[in-house]
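Please read the structure below before turning to the comments.
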Amino acid sequence: MHLKNFKSEKIVSDAVDMLASLVADHGWQARSWHHNWVRWIPREWNRAADWLANLAMDESQCVAWESPDARRLSSCNVLLCADGGWRSTGSASAAWVALACGGGEMPPIMVACGAAFLKGMEDSIWAEAQAAAAAVAVLGRATAGGTVVPHPVTRWIKENEARRIATLAGAGLALPMCN
């Protein structure tokens, strides 16, 4: 196994372990066993995270948006989306989107999103792993209070841009009432 792939697999494995610990520590109910928690989905289903990854690389900066109610994320059904991006220039990004899902016919609600700009990457595997770890860190930070954004931010996304990102995710912006 190539060393970079081993390091990336370790990052994702650590993120899944952190997720399992959060579930156990907070008495949350998982919909499936932890080996099914991380899975690949087609790009068209992950357009918001893909768009954020490109935005961070286009602007060469870390970006984020967070709802004032993002700390309540840990009391909701949650969908975390992540995408890593890489360009031959060596720039890369790790993007994530946190959605609260009410269930039934109610559409998901985007409560936070962001992308970290990364330099000096040799391929996209490392960025993908960093994105998965950042997405899980969002949930962990939601349980601690304070901001859920797991990386430094050089530009906060404005509400109109956040609405566009939420639309890409098939979501709205207002946080639903969660238990």
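Structure data summary
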item: Criterion violated by residue 109 - all others in (1) of a type in the set (Val, Ile, Thr); (2) out of contact with any Pro (no Cβ under 6 Å at 6 or more places or on another chain); (3) farther than 22 Å from residue 15 by Cβ satisfied; result: (2)
item: Residue check for residue 71: out of contact with any strand residue (DSSP E or B) (no Cβ under 8 Å at 6 or more places or on another chain), modelled with pLDDT under 80, of a type outside the set (Val, Ile, Thr) and assigned to a helix (DSSP H, G or I); result: yes
item: Verdict on residue 82 being touching a strand residue (DSSP E or B) at 6+ places or on another chain (Cβ under 8 Å), at pLDDT 75 or above and under 26 Å from residue 122 (Cβ atoms); result: yes
item: Residue match in region 135-151 (condition: at pLDDT 85 or above, buried (at least 22 other Cβ atoms within 10 Å of the Cβ), part of a helix (DSSP H, G or I) and in contact with a Phe, Trp or Tyr (Cβ under 8 Å, 6 or more places away or on another chain)); result: yes
item: Qualifying residue in region 120-128 (condition: aromatic (Phe, Trp, Tyr) and part of a strand (DSSP E or B)); result: no
item: Hits in region 138-169 - residues which are closer than 21 Å to residue 117 by Cβ and out of contact with any Cys (no Cβ under 8 Å at 6 or more places or on another chain); result: 138, 141, 147, 148, 149, 150, 156, 158, 161, 164, 168
item: Of residues in region 152-175 being within 17 Å of the chain's Cα centre (by Cα) and at pLDDT below 90, the one surrounded by the fewest Cβ atoms within 10 Å (Cβ to Cβ); result: 170
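The values are calculated or read from the model by the stated rules, or taken from the named source; none is laboratory data. None of these values were measured; they are calculated from a predicted model. Reconstructed Cβ throughout: ideal geometry from the backbone, glycine too, with neighbour counts over all protein chains shown.
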